[in-house]
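The values are calculated or read from the model by the stated rules, or taken from the named source; none is laboratory data. All of these numbers come straight from a predicted model, not from anything done at the bench. We place every Cβ from the backbone using ideal geometry, glycine too, and count neighbours over all the protein chains shown. Side chains included, ligands, DNA and RNA excluded: accessible areas come from the protein's heavy atoms. Shrake-Rupley method; radii C 1.70, N 1.55, O 1.52, S 1.80 Å.
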Amino acid sequence: MNIIYDEKNETFLLHTEKTTYGIAVVDGRYLEHMYYGASLDNADIRYLLREDENPGVPSANKRETGAFLDCAPMEFPETGMGDYRESAFCIRSMSGYRASELTYEGYAVEDGKPELEGLPATWGEKENCRTLKLFLRDRLLGARVTLLYSVFESSDAVTRSVIVENKGEEPFYIEKILSACLDMDDRGFEVLGLFGSWARERHVQRMPLGYGRQNIASFKGNSSHQEHPFMALVTPGTTQDSGEVYAMNFVYSGNFIAQAEKNQFDSVRMMMGIHPEGFTWKLEPGQCFTAPEVVMTYSSEGLGKMTRTFHDLYRNHLIRSPYLHEKRPILINNWEATYFDFDEKKLLEIAEEASELGIEMLVMDDGWFGKRSMDDSSLGDWYVNEEKLKGGLNALVENVKQTGMKFGIWVEPEMISPESELYRKHPDWAIQIPGRDITQSRAQYVLDLSREEVADEVYEMIAAVLRSADISYVKWDMNRQIATMGSSSLPDDRQGELAHRYILGVYRMQERLITDFPELLLENCASGGGRFDPGMLYYSPQIWCSDDTDAVERLAIQEGTAMLYPVSAIGAHVSVCPNHSVGRTTPFETRGDVALLGTFGYELDITKLSPEEKDLVKVQVEKYHKYNDLIREGDYYRLASAAENRYYDSWMIVEKDKSRALLFYVQVMARANAKSRFIRLAGLDPERRYEAEGKEYTGNTLMQAGIRIPAEFGDFKSRLIEIRGR
Ligand code: DGJ
């Protein structure tokens, strides 16, 4: 029983293996938060609410909770009733009043987990998950709010979502609906987040939490390169294996906010949901709105435990692809090899050479359709450019297959070029505000996917291409963020729905794609890693991580990405040097080792490699086949971060049964007159004997004393060491 209701005390306790979450009903009407942290037994913890304490407000009156909401730990705070911290919920009546008073009406417990309509979400079966529903109602407007908590007992995760139903007689507007809120006392928390830019995604940043509000957000229409739908509050000094971590990650790909607020009483409110900026949703009587899901986890064993909780939850309960637990074909993508300058002969040359070296799939990137010869036209004209690909797509695919390779293709379904037949035919299909110039980015506009007819027509064009040849893989790209938000099909008072409706349209298209083409391997992408989030992982088992393929830059990008997402989801390729993004030259071996911490593939003109480099490709292909099962399914441990120490980076993957592990080490900067370094391993069985590079150790020695890594001459040198249990 992992959801316990104590009728006498009116409290709920939600238990996972190592955590407990507690909620109480106060005065028979308010929901307050009692506790989230390391496991408790089922003893009464209602005292944690401090119900008998004078909250410091100058009043000799008997305390009335309603008057002190501002210092109470609210479970789902709302606007307008006296809690002056950021609220999670705000509705506006037709007469313009912004307030609600949600009072508790009852609860239900279900085995498993309900689906969230139209949204990606984790799933759970009755054997591993139970759901608590708490029902609240605002009597004046007839809003019925259901708070959902799904408890994944063995994964130490609790997911949250909110459903609002209009049970009244008039419509109302939802102006804000966040999916999760967590009130607790401050413990000197620091805020941990992932920040970046195009080609510099998801770098780890940690900062102290001060008084006031600190948020991480996007209102760019996608989850963005810049900020990430993740926040953790950590206690001071938290490391990979010690310290307390409260983490939230949003299963959503559009505008979001994650916020931590510290107030006058040193209480901290942490919350996450759809960004309220520009958002309103009109709810007619009888209609429902479902807020996307937040995944929460608590760790008392540092960041490493948080990471492994997310990895396991996403591998077992989020990523649906049939390829999730499969070794993916090693692909070669022609983007950095040719950019737009290719024809069928060039592609075939690449395929022939690649196949000889053991590469298994050719991916034809941007530039095969309409009249596209650079990035300024043809998005929306999804038919093959036969001037470029003479003989057509099917002939090319068949010829590539003759070399023994599979074939994949790039598309960018969400966009429309002003210079395209589609735009000439349907200028109103672009997202725009009447009377204003549409902002252009990369010479393209964004399609209004809130309109089903738009999404359907584009989908059909792309599906026709996929049906016209034997295509095994699709890279779904999205190369700009959204501005001038307006839809010609929405009435005035529903324009605030567009950003969310757009994302629902993207989800609907991807759902169709993987349903109609169940064998397809889908890789999401957004100008590199601009939409690498759990929402997209629900549809595709892998996401292109960054347009920066430089092995050294990738260390920090992949470190941040792997802090949350399984390595099997991280799109990573070997490319040429000097690297196209930073001009750096790194050893070919290092590029291979860094790409192994991901899906692994190539992004270069293989016909131009030297014979020595081609030999190294064969070695890398062999390593991929040898280690991918372990890398894809194992437990990830971060051992050292060059982003912190400047000199070296190290991580390892350990087989679930601890029988085998792989250690990765990159000497980023060489130092003069340096000694060897001891790297302390993690995750092994301390009692077991292991063999590494011909020497024997106990797991205990490897973890406490470490393995010796010699200093090398030269920068950017990598080592990969297999550790085998005896
Ligand atoms: C951005 C992607 O990240 C690249 O890999 C490539 O597909 C280009 N778009 C093509 O336009």
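Mind checking the alpha-carbon convex hull of the chain and giving the volume per residue in Å³? Roughly 164 Å³ of hull volume per residue. The amide H of ASN385, built 1.01 Å from its N in the peptide plane, has PHE369, GLY370 as neighbours under 5 Å, considering only residues 5 or more places off or on other chains.
Across the stretch 499-516, computed HN-Hα scalar couplings (Karplus, 6.51 cos²θ - 1.76 cosθ + 1.60, θ = phi - 60°) run 4, 6, 4, 4, 5, 4, x, 4, 4, 5, 5, 5, 4, 4, 4, 6, 7, 6 Hz from first to last residue, x flagging Gly and Pro.
Derived scalar couplings between HN and Hα for the stretch 296-313 equal 10, 9, 10, 10, 9, 10, x, 6, x, 5, 4, 4, 5, 5, 4, 4, 5, 4 Hz in order, rounded to whole Hz, by the Karplus curve 6.51 cos²θ - 1.76 cosθ + 1.60 (θ = phi - 60°), x for Gly and Pro.
Each peptide in 218-225, 201-208 gets a packing score, the mean of other Cβ atoms within 10 Å over its residues, and the list from highest to lowest is 218-225, 201-208. Taking θ as phi - 60° and the Karplus parameters 6.51, -1.76 and 1.60, the scalar couplings of the stretch 639-650 work out to 9, 8, 10, 5, 5, 9, 9, 6, 9, 8, 10, 7 Hz in sequence order, x denoting glycine and proline.
For the stretch 15-53 versus the stretch 606-624, the spacing of their alpha-carbon centroids is 58 Å. Dimensions of the stretch 2-317 based on its C-alpha atoms, expressed as ranges along the principal axes with the largest first, amount to 48, 43, 42 Å. Each of ASN645, LEU702, ALA661 was scored by the projection of its Cα onto the charge dipole of the stretch 639-725, and the greatest displacement toward the positive side belongs to ASN645; charges sit on the C-beta of Lys, Arg, Asp and Glu.
Over the chain, dividing the summed -39,500 (n - 2.57) contributions of all DSSP H runs of at least 4 residues by the number of residues returns a 222 nm mean residue ellipticity of -6000 deg cm²/dmol. Take every Cα pair under 8 Å whose residues are at least 6 apart in sequence, average their separation, divide by the length of the chain, and the relative contact order is 10 percent.
Solvent-accessible area of the chain (1.4 angstrom probe, protein heavy atoms only): carbon and sulfur portion equals 47 percent.
Taking ASP516, ASP456 and ordering them by how much accessible surface each has at a 1.4 Å probe, largest first, produces ASP516, ASP456.
Within the stretch 324-473, antiparallel bridges make up roughly 40 percent of the DSSP beta bridges whose residues both belong there. Between SER223, THR297, TYR47, the Cα set farthest toward the positive side of the dipole of the stretch 2-317 (charges on each charged residue's Cβ, about the Cα centre) is that of SER223. Highest-first packing order for the peptide set 262-272, 356-366 is 356-366, 262-272, based on the mean count of other beta carbon atoms within 10 Å.
Comparing Cα centroids, the stretch 425-499 and the stretch 277-305 end up 25 angstrom apart. When peptides 485-491, 373-379 are sorted by average Cβ neighbour count within 10 Å, with the highest value leading, the order is 373-379, 485-491.
Close amide H contacts of CYS129 (hydrogens built in the peptide plane, cut-off under 5 Å, sequence separation of 5 or more or a different chain): GLY112. Distance between the C-alpha centres of the stretch 639-679 and the stretch 200-265: 27 Å, rounded to the whole angstrom. Rounded to the nearest 20, the Cβ-based charge dipole of the chain about its Cα centre (Lys and Arg +1, Asp and Glu -1) stands at 1480 debye. The figure for GLU457 is an accessible area of roughly 70 square angstrom, using a 1.4 Å probe on the protein chains alone.
Amide H contacts of THR280: GLY496, GLU497, each under 5 Å away and 5 or more positions distant or on a separate chain (H built 1.01 Å from N in the peptide plane; Pro and chain starts excluded). On a per residue basis, the chain carries 37 Å² of accessible surface, using protein heavy atoms and a 1.4 Å probe.
Please report, to two decimal places, log10 I(q)/I(0) for the stretch 639-725 at q = 0.21 Å⁻¹ as given by the Debye formula with identical point scatterers on the Cα atoms and no solvent. Log-scaled intensity ratios, in q order: -0.96.
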